[in-house]
Every structure is written in C-alpha cells, then in structure tokens.
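Here's the structure, in structure tokens; my notes come after.
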Amino acid sequence: MFDLRFFEIYRNPEYLLLLGEGAAVSAFLTVIGGALGFVLATNLSALRHYKVPILAPIATIYVEFIRNTPLIVQMFFVAFGLPLLLGYQWPFWAHALLALSLNFSAYFAEILRAGLAGIGTGQSEAAAALGLPTWLGFSKILFPQAVAAMFPSLNSQFIFLFLTTGVISEIGVTDLTWAGLYIDSRSFRSFEVFFTLTVIYVLMALSFKALLGLAHDQLFKWKAVR
Amino acid sequence: MKDLFVSLLGKPFGIVVFQLLEATQFTIYLSLIAFLGGGLIGVCVTAIRVSPMSWLRTVFAAYTWLFQSVPLLMLLFLLGLGMPRLFAIQVDPWFAAGLALTLYTSAYLSEVWRGAITSVPLGQHEGGRALGLAFAQIMILIILPQAFRLAIAPTVGFMVQIIKGTSLAYIIGFHDLMAIGKRWANSPVPGTQPFVIYPMMAMIYFSLCYPLSLWARHLEKRLGSTSSKGGAAAAA
C-alpha cells in the first residue's frame, strides 16, 4: 500500500538544483526581510517608547493590525492591491520582500517595546544627565540593553516567521515551497516532495538558530563581562 | 439577510460582502475544530510530559518539538496532498485542514501548559507530600489550579494564531474566507479589485483576532503568564 519512492526525486538533478535555488531564495528573502523589518521595528518601538504625539498611536495601530491579520492577506494586498491602486509593478520577489519586512517589523516592534519597557527609568535619566540628546541616549544606552534582554525572544520570533515565509510562493516567488510545488506537479510524488521540503525547512530553521546563537555570543560579550 | 445586503450596497458588491461573511463561518468552525481537537490532544501530551514515565516523556517531547518546528504550510501539504497520494485515498479538505491545524495546535498548547505546570515551584510538591497527599491529589488540588492561572492568557493568545493559520487552508481546497476572497479578487466584478477585497478580508480577520488579543492581554495583566517570552510567542 505504501509506495515511497524518494529516489525518483533525488535522482533528478533538475529537481535537486531547483530545491537548492529555492532554499537560497527563501533564506535570502527571510534574512533581508528580517533585517529591514528590524530597522523599521526599531523606529516603531522608539516612537512608542517616547510616546511621540500622533505617530505613536499610528505605530500602535499598525503593529496591532499586522499582528492580528494573516500574512497571506497582507502579502496579496501588497502584491496585487497596492500595485493596481498606485500604478507600479515590481518583480514578485520585491513585493514579497516588502510584505515580509512589514510583517516582521510588527512582531519585532512588539518585542522591542516590551524590552524597552523593562529597562529602568534610571537609564534614561543617566543618559539625560550626561547631556546626550534623546536619539543618542536611545541608540547608545536604551536600545542595546533592550535588544540584549530580548534577544532570545527576537531569535525565536525570527525562526517562527521564517517558517511562515512559504506563502510567498503563492505570488509566484520561486522560493523553497514553490520549488516543491513545481516538483510535485511534475513528478506526482507529493508525499516524498513535501516530506523532503519539511526536512529542509527544519534544517534551515536549526541553522538559523545556531547562527543567531553565535551572533548573540559575539554581540553581547559586554553583557557577560559585566 | 442576503436581500438586505444586496439592496443596501448594490448588486455585485452586496453579494461579495454576503459571501465573505458567509465564508467567515467556515474560518470560525475550522478554528474551533483546531482549538478543541488540539486542546484535547494537548491535555494528553501535557499529562504524559509531566508524568514520571521517562521514556514516554522523551517520545512526546519529540512530538511537541516536531510539530512546533514544521511549518504549518508543510503540514497542510503533507496531509492534504501527500497523504492522499501515499495511501491512494480521497481526503476531505475538512479532514486534512482540521488534522493539520489540530496537530499544530496540540504541540503549541501542550508546550504552554507544560511550561505553566513546571513553573509552579517544587516546594509546592514537597508541601503536598508532607501533607500525605498522593501524586494525583497533589496535581489536582495544588499544582493545576496554580498552573491554570498562568496558562490561561497564552492559551487565549494562541487562538489568534490558529485563526490566522486557517487562512492557509484554502491551498488544499478548503472554502473559507481566504478562498472566497481570493476568488473574488481574481474576478472582473467591479468593487472586488484586490485593493478593496484584501483590506476587507483583513478587517474581518482583525475583528475575529483583535478581541482575543485584548482578552489575552487583560488576562495576562490580571493573572500573570508563564513568562513574557511565552506570552509573546503565543500571541505571535
């Protein structure tokens, strides 16, 4: 009854190449999207931390809206709605990157906000006493501490978001999931294909975790020394 | 109901709104299946993972790790496309989507609940034993009431995650809000352009999810949570 034939997919060099390319695209878009999202999240969390009039409530609404709607709806809006409304057309991967960055930013912003809230007010007061302007106090004193405290949460959130990026294949980005769907439509070996894909996703998630662990040790040496 | 929408908003658009709201009920049903099924399996997994049976604990730790690490999309593909091929059977989208979301939910909820139970200090166990209570009595009378208090907020928060997760089920042929909305977005009917329909769908998802998020936050403030990290991950 079971008819497992993994070798059919593994022996075809075209399929292997496609899986490799797809994995690279997935990893690349996730990392760049995560980095852009982190930069945006930094600004969002700063706006919310300093309670900037008008902008802070907007940031809060944005974060809550993104966090409470599915990525796939956001992505379809970014990929098909906005271009139609505003009259531009980017390549698929650029739409996907924009959608991923926006999505990542809201989750990161929420974590960073919690991190900033956890830092004692004495730190801001010390920064002010040193005569540092607000932005320097934030970037040199508050923010590094918030990131250091929240690194494990940011890390696991990043891994979690990586595992949701497969939906970008739905707008035609040739990522890992797209490669799987393509191979499935050619070989009709659905179980083998998606099992292979799952294993690749899990291995990639573990690699990201290990790399972020190394980055943590390098970035926050000062924390251990203190 | 249908006539009201049609007369209120003009023919094509009224039907779109009605169909979206009609499809929303399937999103809700699927979420409830996942939550109740996942909760049921989750309780069993949690019970085993805090029990004294060490090899079974390891097996179910692997179960939790597995279904937490596997992307939900891949679970849907494996159960909705892979399983029918492997066994040469027909699989109903309700069954495949329900099972995928149930397994996914059970892993997350059991992890949250195990975290809540293990975060009750060990002294509470010792206190129970000093009073001469059996293991089951210690659990039911002392540990679980305290763990419940810590677990309730992340559990509610995770429901948001499930509702958002159901949006992927259309990929294996499930007719929920996402499927109907996507079909309209691809139609030439005026008023269903992607920049209208996707924000409308987002608003429907938001109106389902946001009250739960607020409730979870309220509970977290009142009762505390397993950890700030657990809360954040559960509400993700």
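One table, with the values for the structure above:
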{"item": "Which listed residue is of a type in the set (S, T, N, Q), surrounded by 20 or more Cβ atoms within 10 Å (Cβ to Cβ) and more than 22 Å from A:Ala46 (Cβ to Cβ), from A:Thr174, A:Thr164", "result": "A:Thr164"}
{"item": "Test: residue in region B:159-167 that is buried (at least 23 other Cβ atoms within 10 Å of the Cβ), without any contact (Cβ under 8 Å) to a residue 60 or more places away in the chain and within 14 Å of chain A (Cβ to nearest Cβ)", "result": "yes"}
{"item": "Residues (outside any helix (DSSP H, G or I) and crowded, with 16+ Cβ neighbours inside 10 Å) located in region B:51-74", "result": "B:Val70, B:Pro71"}
{"item": "Unique match (being over 19 Å from B:Ala100 (Cβ atoms) and either in contact (Cβ under 8 Å) with a residue 24 or more places away in the chain or not hydroxyl-bearing (Ser, Thr, Tyr) (or both)) among B:Ala47, B:Ala62, B:Ala34", "result": "B:Ala47"}
{"item": "Yes/no for B:Thr226 being at pLDDT below 90 and crowded, with 21+ Cβ neighbours inside 10 Å", "result": "yes"}
{"item": "Hits in region A:125-177 - residues which are touching a helix residue (DSSP H, G or I) at 6+ places or on another chain (Cβ under 7 Å), free of Cβ contacts under 8 Å to residues at least 40 places away in the same chain and among the hydroxyl-bearing types (Ser, Thr, Tyr)", "result": "A:Ser156, A:Ser169"}
{"item": "Given (1) modelled with pLDDT of 90 or more; (2) under 30 Å from A:Phe194 (Cβ atoms); (3) open to solvent by 10 Å² or more (accessible area, probe 1.4 Å), index of the condition B:Pro199 fails", "result": "(2)"}
{"item": "Qualifying residue in region B:89-108 (condition: open to solvent by 40 Å² or more (accessible area, probe 1.4 Å), within 13 Å of another protein chain (Cβ to nearest Cβ) and assigned to a loop (DSSP other than H, G, I, E, B))", "result": "yes"}
{"item": "Residue check, B:Ile152 open to solvent by 20 Å² or more (accessible area, probe 1.4 Å), under 18 Å from the mean Cα position of the chain (by Cα), at pLDDT 90 or above and more than 13 Å from chain A (Cβ to nearest Cβ)", "result": "yes"}
{"item": "One residue from A:Leu18, A:Leu29, A:Leu4 being of a type outside the set (Val, Ile, Thr), open to solvent by 20 Å² or more (accessible area, probe 1.4 Å) and part of a helix (DSSP H, G or I)", "result": "A:Leu18"}
{"item": "Qualifying residue in region B:181-193 (condition: away from chain A (no Cβ under 11 Å), assigned to a helix (DSSP H, G or I) and either in contact with a Lys or Arg (Cβ under 8 Å, 6 or more places away or on another chain) or open to solvent by 10 Å² or more (accessible area, probe 1.4 Å) (or both))", "result": "yes"}
{"item": "Only one of B:Met139, B:Met178, B:Met159 that is in a helix (DSSP H, G or I) and under 25 Å from A:Leu82 (Cα atoms)", "result": "B:Met178"}
{"item": "Helices (runs of 4 or more DSSP H) (entirely within region A:79-197) containing at least 1 residues that are facing chain B (nearest Cβ under 10 Å) and under 21 Å from A:His49 (Cβ atoms)", "result": "A:92-117, A:143-164"}
{"item": "Conditions (1) at pLDDT below 90; (2) under 26 Å from the mean Cα position of the chain (by Cα); number of the one not met by A:Leu206", "result": "(1)"}
{"item": "Residues located in region A:40-59, provided they are among the aliphatic types (A, V, I, L, M) and exposed (fewer than 14 other Cβ atoms within 10 Å of the Cβ)", "result": "A:Val52, A:Ile54, A:Ile58"}
{"item": "Those residues of region A:80-99 which are touching a helix residue (DSSP H, G or I) at 6+ places or on another chain (Cβ under 8 Å), aliphatic (A, V, I, L, M) and modelled with pLDDT under 95, in sequence order", "result": "A:Leu82, A:Leu84, A:Leu85"}
{"item": "Residues located in region A:76-125, provided they are crowded, with 24+ Cβ neighbours inside 10 Å and within 20 Å of A:Gly137 (Cα to Cα)", "result": "A:Ala109, A:Ile111, A:Leu112"}
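The values are calculated or read from the model by the stated rules, or taken from the named source; none is laboratory data. All of these numbers come straight from a predicted model, not from anything done at the bench. Because the Cβ atoms are built from the backbone with ideal geometry, glycine has one as well, and the counts that use them run over all protein chains shown. Ligands, DNA and RNA are excluded from the accessible area calculation, which covers all protein heavy atoms including side chains. Shrake-Rupley method; radii C 1.70, N 1.55, O 1.52, S 1.80 Å.
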